[in-house]
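The block underneath contains the structure these notes are about, expressed in structure tokens.
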Amino acid sequence: MTLTEMLERSIEKYGRRYAILFKREKITYRELGERVDRLASGLIRKGAKKGDRIGILLGNCPKFIISYFAILRMGGIVVPLNNFLKGEELRYILNNAGVSTLITSKDFMKTVGPLRPRLERLERVIISNKSPISGTITFEELVIPEISVTFPEVTETETAVIIYTSGTTGYPKGACLNHSNLISNITSSAQAARLRPRDNFLLILPMFHSFTTTVCILVPLYLGAKITIVESLKAFGVIKREIIKKRPTIFVAIPAVYNILAQVSLPKILTLPPFKLLIPLRLFISGAAALPVEVLKKFEKGFGIPLIEGYGLSEASPVVSLNPVKGVRKPGSVGLPLPGVEVDVVDDRGRSLKRGEVGELIVRGPNVMRGYYNLPRETEETLKRGWLYTGDLAKIDEDGYIYIVDRKKDMINVRGLAVYPREVEEVLYSHPAIAEAAVIGVKDKTKREVPKAFLALKEGRKLSKKEIIKYCQEKLASYKVPHKIEFRKELPKTSTGKILKRALKESNAETPKEQKRKEK
């Protein structure tokens with residue numbers, strides 16, 4: 001089954017049921033199917049062809065979902081774009097993927113517009129707004145109900161989505177997922193989490209994220225469930241109002257959100273009459289980053305509703321494991337592998353380790369990607385003998401529960417979003433006053449991971465922390481900007497001149513008194 005066939009099956013079975021709730025808008029499954037077909041027809045009429053990579057650069061809204069399935073319907077390949085990225089970051093992905101059509105909105109044209117002369121393959125830009133912008137096509141021009149076209153045949157082994165993810169090179173890599181990869185992950189995730197057709201999923205995370213796309217969009221559409229869309233997870237007042245008005249049953253978020261909710265009075269408010277009768281929430285799901293045990297315990301005590309943690313990565317569509325809804329849930333663990341998914345922990349030579357021993361977590365199953373787009377060498381390094389090497393250090397206990405210990409790679413996880421240290425370092429090195437730079441992940445006051453930059457300035461040059469942050473803000477997405485900065489006369493290096501990040505991490509763990517004593 002392809003994703004398009006999956007949606008068609010749900011339309012046929014649940015046509016009159018609401019699929020999407022957004023502000024005051026309600027879209028049934030039948031209406032969703034009609035809008036998808038119209039947009040898919042319009043894309044073909046404007047010259048899009050089967051196999052084209054088509055980017056989506058939108059905020060949280062129904063048009064993201066409509067665009068996603070319209071691209072698949074006309075045989076294209078979806079390239080979801082992180083809408084936090086700045087110009088040069090977007091330019092790299094658009095050129096690397098060879099995106100020929102970009103679906104976006106006026107909100108992002110200030111970023112996209114100046115890039116167009118340097119976008120090698122981009123032929124057309126479609127904006128979701130009604131009023132046109134010079135050189136763009138509006139949705140209204142595409143979605144003409146009277147005109148239809150013949151859609152190409154697509155098989156389940158063909159690439160459906162290219163998701164750009166982290167890499168040791170400092171540049172994102174496109175993980176190619178076919179329809180079969182995603183369908184297997186959808187069905188096994190729904191089974192493991194005991195999700196139902198009558199569920200209503202509250203979608204507050206950015207839609208471009210692989211975790212959100214699978215768990216909050218594809219799974220509910222497979223089940224025939226509802227999706228309640230909130231534009232931003234920052235609007236806690238809106239989220240509370242939507243919980244009361246739209247009555248979601250499944251709440252999906254990242255650990256940072258649960259950490260905030262565990263600190264506020266919202267749990268007490270929602271568990272007292274008359275709110276308890278109005279709130280049908282039955283399950284909270286956490287993913288995209290590690291959930292602290294303390295937050296889990298405090299949250300469940302406040303809400304009295306299960307909070308289950310899972311683990312995944314884009315290359316695995318993305319869900320790999322989940323703590324069971326019914327049965328033993330182990331705090332600190334990311335649960336058991338999904339049905340049909342195998343995991344193992346190996347040493348540097350690829351040999352299986354004993355239960356409880358720490359090594360690299362590897363994954364095998366129908367959810368694992370076919371490879372990275374146009375990167376055969378990187379694909380060979382990641383996919384070995386049918387196993388996906390995750391780059392994460394983990395251990396598996398006697399009951400088969402997985403515990404993520406650390407990350408083998410240098411990638412920094414900021415609220416579930418990947419930050420590549422080398423990418424930040426290259427920006428810092430471009431500043432005329434900086435001689436040496438190294439970026440690592442450290443914990444802030446809330447125990448969340450943030451980037452920290454260690455800098456050595458050129459002789460005779462002066463630079464303040466505020467100036468560095470402002471410089472980075474102009475070139476990087478806000479979550480990539482170093483939250484902490486430390487100046488050193490010089491950075492520790494190996495005998496070959498390579499900066500020793502391990503030494504920086506060790507010194508960062510020391511107290512200021514210990515650091516001063518060492519300097520003396």
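The values are calculated or read from the model by the stated rules, or taken from the named source; none is laboratory data. Since the model is a prediction, treat every value here as computed from it, not as a measurement. Backbone-built Cβ (ideal geometry, glycine too); neighbour counts: all protein chains shown.
Observations, loosely collected:
- Of ILE254, ILE250, all but one fail to be touching a strand residue (DSSP E or B) at 6+ places or on another chain (Cβ under 6 Å), in contact (Cβ under 8 Å) with a residue 12 or more places away in the chain, within 27 Å of GLU449 (Cβ to Cβ) and buried (at least 23 other Cβ atoms within 10 Å of the Cβ); the exception is ILE250.
- Of all residue pairs spaced 6 or more apart or on separate chains, those with beta-carbon atoms under 7 Å, a first member in segment 182-202 that is within 20 Å of VAL230 (Cβ to Cβ) and a second member that is of a type in the set (Asp, Glu) and surrounded by fewer than 23 Cβ atoms within 10 Å (Cβ to Cβ) are LEU202/GLU242.
Yes/no per residue for (1) in contact with a helix residue (DSSP H, G or I) (Cβ under 8 Å, 6 or more places away or on another chain); (2) in the same structural domain as GLY98 (by TED's automatic domain parsing); (3) closer than 25 Å to ALA193 by Cβ:
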site: VAL341; (1), (2), (3): yes, no, yes
site: VAL368; (1), (2), (3): yes, no, yes
site: TYR372; (1), (2), (3): yes, no, no
site: GLU381; (1), (2), (3): no, no, no
site: TYR401; (1), (2), (3): no, no, yes
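- Of the helices (runs of 4 or more DSSP H) lying entirely inside segment 233-276, those carrying at least 3 residues that are modelled with pLDDT of 55 or more are 236-246, 255-263.
- Unmet requirement for ILE127, which otherwise passes all of (1) in contact with a helix residue (DSSP H, G or I) (Cβ under 7 Å, 6 or more places away or on another chain); (2) within 30 Å of LEU476 (Cβ to Cβ); (3) among the hydrophobic types (A, V, I, L, M, F, W, C); (4) not assigned by TED's automatic domain parsing to the domain that holds ASP107: (4)
- Residues of segment 450-471 classified as crowded, with 20+ Cβ neighbours inside 10 Å and touching a residue at least 40 places away in the same chain (Cβ under 8 Å), total: 3
- Set side by side, the residues TYR420, TYR403, TYR389 differ, and just one is under 18 Å from GLY310 (Cβ atoms) and within 24 Å of the chain's Cα centre (by Cα), which is TYR403.
- Check on LYS298, closer than 15 Å to VAL257 by Cβ and more than 16 Å from the chain's Cα centre (by Cα): yes
- Of the residues making up segment 103-117, not a single one is in a loop (DSSP other than H, G, I, E, B), assigned by TED's automatic domain parsing to the domain that holds CYS61 and more than 21 Å from GLU231 (Cβ to Cβ).
- Residue that is surrounded by the most Cβ atoms within 10 Å (Cβ to Cβ) [pool: residues in segment 318-351 that are closer than 22 Å to MET369 by Cα and touching an Asp or Glu at 6+ places or on another chain (Cβ under 7 Å)]: VAL334
- Extreme residue, farthest from ALA394 (Cα to Cα), among residues of segment 324-352 that are part of a loop (DSSP other than H, G, I, E, B) and free of Cβ contacts under 8 Å to residues at least 40 places away in the same chain: GLY327
- LYS409 vs. criteria loosely packed, with under 13 Cβ neighbours inside 10 Å, assigned to a loop (DSSP other than H, G, I, E, B) and modelled with pLDDT under 90: no
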